[in-house]
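The values are calculated or read from the model by the stated rules, or taken from the named source; none is laboratory data. Note that the structure is predicted; figures quoted are calculated from it, not measured. Heads up, the Cβs are rebuilt from the backbone with ideal geometry, glycines too, and the neighbour counts pull from every protein chain shown. Note: areas computed on protein heavy atoms with side chains; ligands, DNA, RNA excluded. Shrake-Rupley method; radii C 1.70, N 1.55, O 1.52, S 1.80 Å.
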Amino acid sequence: MPRFDADYVPRSAMAIYAHPDDIEFTVAGTVAKWTEAGCEVTFVLITSGNAGTHDRKFTRKSLARAREREVRESARILGVSRVVFLGHDDCELVPTLALRKELVRRIRRHRPEVVLCNDPQALFFDDRYVNHPDHLAAGKAALEAAFPCAEMELLWPALGPPHKVHAVYVSSTPAPNTWVDVAATVETKIAALSAHRTQLGERDIAPLILGWAMDEARRSPPRKGGGKRGARRPEFAEAFRVMRLLREE
Ligand SMILES: [Zn+2]
């Protein structure tokens, strides 16, 4: 039985997010760390971000295609072999029963040990960012699909055999309980994010990402095994609220 601590690496994981760059902004350091250790990761992108620009040269269709290409490149950089696009419209996402069923179908098909998703309760960050409604909707639908729906034998048998997700890693949360050390992969995260050229243009995103990862590392509790001083914090971290759906030993 696994322990879902900061050193845990699942055998398989599914990241369910609203937009093609959401995973890169939030959890890509953890994803890269896990794939390097042999974890098979699937990205499920509920929309292809087809409203996400102020650049009039795009149509919704051409923007979706461009952003799908960007996330495929990013996935390659992160060692992720499977990217699933559900094709919903950007800025219109609602956590309906139909969406929950779509996600249960994907969970039952690919059978991830861990699901990663956004915190559906995180409406405000500081006084500068109101969370995108699609992020909240995606997080809510993903949580509902991971638990309890995917594991219920009598529920929706046509969507595949039931599957028990062991843990959900909830990102962008005001109530984290686990900090993953991403010092070895934060540069890979920045490289993956930089593939999203329709979103970043020529902007150098590294200072923002490094700053966030340093802030999270400072917030993390000191860990044992730091040599002479006895305890240490990582230099860079990503924070999660880990919900343990499987009993640990
Ligand atoms: Zn987004």
- Item | Computed [θ] at 222 nm, deg cm²/dmol, the chain (DSSP H ≥ 4; -39,500 (n - 2.57); rounded to nearest 500) | -10500 deg cm²/dmol
- Task: Could you calculate the FRET efficiency of Ser12 with Thr96 from 1/(1 + (r/R0)^6), where r is the beta carbon distance between them and R0 is 30 Å, rounded to 0.05?
- Result: 0.70
- Query: Under a 5 Å amide H to amide H cut-off, with H placed in plane at 1.01 Å, what residues pair with Val242 once short-range neighbours are removed?
  - Reply: Val170, Asn177, Thr178
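Please compute the alpha carbon radius of gyration of the range 1-73, then divide it by the globular-protein estimate 2.2 N^0.38 Å. Two decimals is fine. Walk me through the numbers before you get to the answer.
Working: Rg = 15.1 Å, N = 73, 2.2 N^0.38 = 11.2 Å.
In units of the globular-protein estimate, the range 1-73 measures up at 1.34.
Could you give the size of the charge dipole of the range 125-249 about its Cα centre, using +1 on the Cβ of each K and R and -1 on the Cβ of each D and E, expressed in debye and rounded to the nearest 20?
Numbers: 17 positive and 16 negative charges, 124 e Å.
Dipole of the range 125-249, to the nearest 20 debye: 600 debye.
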- Query: What order do Lys164, Lys224 take when sorted by accessible area (1.4 Å probe), most exposed first?
  - Reply: Lys224, Lys164
- Rel. contact order, % - alpha carbon contacts under 8 angstrom, at least six apart, the range 46-95: 57
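Could you tell me what fraction of 2.2 N^0.38 Å the Cα radius of gyration of the range 125-249 comes to, as a two-decimal ratio?
Values: Rg = 18.3 Å, N = 125, 2.2 N^0.38 = 13.8 Å.
Cα-based Rg divided by the globular estimate yields 1.33.
Rounding to the nearest 20 debye, state how big the charge dipole of the chain is about its Cα centre with +1 on each Lys and Arg Cβ and -1 on each Asp and Glu Cβ. Walk me through the intermediate numbers first.
Working: 37 positive and 33 negative charges, 88 e Å.
In debye, rounded to 20, the chain gives about 420.
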- In whole percents, the bins of 5 Å from zero upward hold the Cα-Cα pairs of the chain as 1, 7, 13, 18, 21, 18, 12, 6, 3, 1, 0, 0
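List the trypsin sites (Lys or Arg not before Pro) in the range 79-136 that DSSP assigns to loop (not H, G, I, E or B) and whose Cβ has at most 16 other Cβ atoms within 10 Å. Which are they?
Working: sites: Arg82, Arg100, Lys101, Arg105, Arg106, Arg108, Arg109, Arg128; in loops: Arg128.
Those satisfying the criteria are Arg128.
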- Largest-first ranking of Thr185, Thr198 by accessible area, probe 1.4 Å, whole protein assembly kept, is Thr198, Thr185
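So for Ser194, Ser81, what's the accessible-area order with a 1.4 Å probe, most first? Display every interim value, and only then the final one.
Values: Ser194 55, Ser81 105 Å².
Of Ser194, Ser81, the descending order of accessible area is Ser81, Ser194.
Averaged per residue, what accessible area in Å² does the chain show with a 1.4 Å probe, protein chains only?
Working: 12400 Å² over 249 residues.
Per-residue accessible area for the chain comes out at 50 Å².
Considering only protein heavy atoms and a 1.4 Å probe, what is the carbon-and-sulfur percentage of the accessible area of the range 72-217?
Numbers: 3900 of 7020 Å².
Summing carbon and sulfur atoms, their accessible area is 56 percent of the total for the range 72-217.
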- Any GluC sites (Glu not before Pro) in the range 9-101 that lie in a DSSP loop and have at most 12 other Cβ atoms within 10 Å would be Glu92
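Nearest-5 percent of antiparallel DSSP beta bridges in the range 1-139? Walk me through the numbers before you get to the answer.
Working: 2 of 16 bridges.
Around 10 percent of the beta bridges assigned by DSSP in the range 1-139 are antiparallel ones.
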- Item | Among beta bridges that DSSP assigns inside the chain, antiparallel share in %, nearest 5 | 40
- Please work out the C-alpha center-to-center distance from the range 12-67 to the range 78-99 and express it in whole Å. 9
- What nm value, rounded to one decimal, do you get for the distance between Arg56 and Arg72 when each label is placed 7 Å out toward the C-beta? 3.0
- Query: So what is the relative contact order for the chain, in percent, with contacts set as C-alpha pairs under 8 Å and at least six apart?
  - Reply: 25
